[in-house]
Amino acid sequence: MIYPRSVFDKHQYNTRYKISADFALTLELCGDSNYHFVYKDYTICNFNHTGLSGTQIDKPFQTEKARLVFKNFGLKTWFRYRFHKLKHRDNPRA
């Protein structure tokens, strides 16, 4: 994700989320009508999933993720999220 500077005039990373602060910020921006996302098919970097965020779970973020989904996407998306979580109970990252 590449954010314009204006994002950080209004929003900031939640440092309670040691691993998923960027994900939480993206959820927050989805709920802010001043921003929209545009997909660009560019490769900016390549990475693998062996780093901290790929090998550990951010427990505070996982605890609050459903609330963040509800707050920023509404009831319909929250229900879809909860249904998905029930289907994939064995995978805490799903």
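Rounded to the nearest whole Å², what accessible area per residue is found for region 29-94 with the 1.4 Å probe? Kindly include the intermediate steps, with their values, before the conclusion.
Details: 5710 Å² over 66 residues.
Accessible surface, normalised per residue, equals 87 Å².
Determine the shape class of region 1-88: with a ≥ b ≥ c the square roots of the Cα gyration tensor eigenvalues, call it rounded for a/c under 1.5, and otherwise prolate if a/b is greater than b/c, oblate otherwise. Verdict is rounded for region 1-88.
Let's see if you can work this out: charge +1 on each Lys and Arg Cβ, -1 on each Asp and Glu Cβ, no other charges. What is the dipole magnitude of region 1-41 about its Cα centre, in debye to the nearest 20? Intermediate values should be presented prior to the final figure.
Working: 5 positive and 5 negative charges, 29 e Å.
Using Cβ point charges on Lys, Arg, Asp and Glu, region 1-41 gives about 140 debye.
Ranked by the mean number of other Cβ atoms within 10 Å of their residues, highest first, the peptides 3-13, 63-73 come out as 63-73, 3-13. Spatially, region 61-94 and region 1-54 are offset by 18 Å when compared through their Cα centroids. Put a plus charge on the Cβ of each Lys and Arg, a minus charge on the Cβ of each Asp and Glu, and nothing anywhere else: the dipole of the chain about its Cα centre is then about 460 debye.
Return the equivalent ellipsoid semi-axes of region 52-94 as a descending list in whole Å, where each equals the square root of 5 times an eigenvalue of the C-alpha gyration tensor.
19, 13, 7
Starting from the residue with the highest accessible area, list Cys45, Cys30 in decreasing order, probe 1.4 Å. Before the final figure, lay out the partial values.
Numbers: Cys45 90, Cys30 55 Å².
Heavy-atom accessible area, descending, gives Cys45, Cys30.
Could you tell me what percent of the accessible area of region 16-94 is made up of carbon and sulfur, with a 1.4 Å probe and every protein chain present?
With neighbouring chains kept in place, the figure for region 16-94 is 55 percent.
The 3J(HN,Hα) values that the Karplus relation (6.51, -1.76, 1.60; θ = phi - 60°) gives for region 36-42 are, in residue order, 9, 9, 10, 7, 10, 7, 10 Hz. Gly and Pro appear as x. Positive end of the dipole of the chain (Cβ unit charges, origin at the Cα centre): among Tyr35, Gly51, Leu86, the Cα lying farthest that way belongs to Leu86.
The values are calculated or read from the model by the stated rules, or taken from the named source; none is laboratory data. Quick caveat: nothing in here was measured; it's all calculated off a predicted structure. No Cβ is skipped: glycine too gets one built from the backbone with ideal geometry, and neighbour counts run over all protein chains shown. Calculation scope for accessible area: heavy atoms of the full protein, side chains included, ligands and nucleic acids excluded. Shrake-Rupley method; radii C 1.70, N 1.55, O 1.52, S 1.80 Å.
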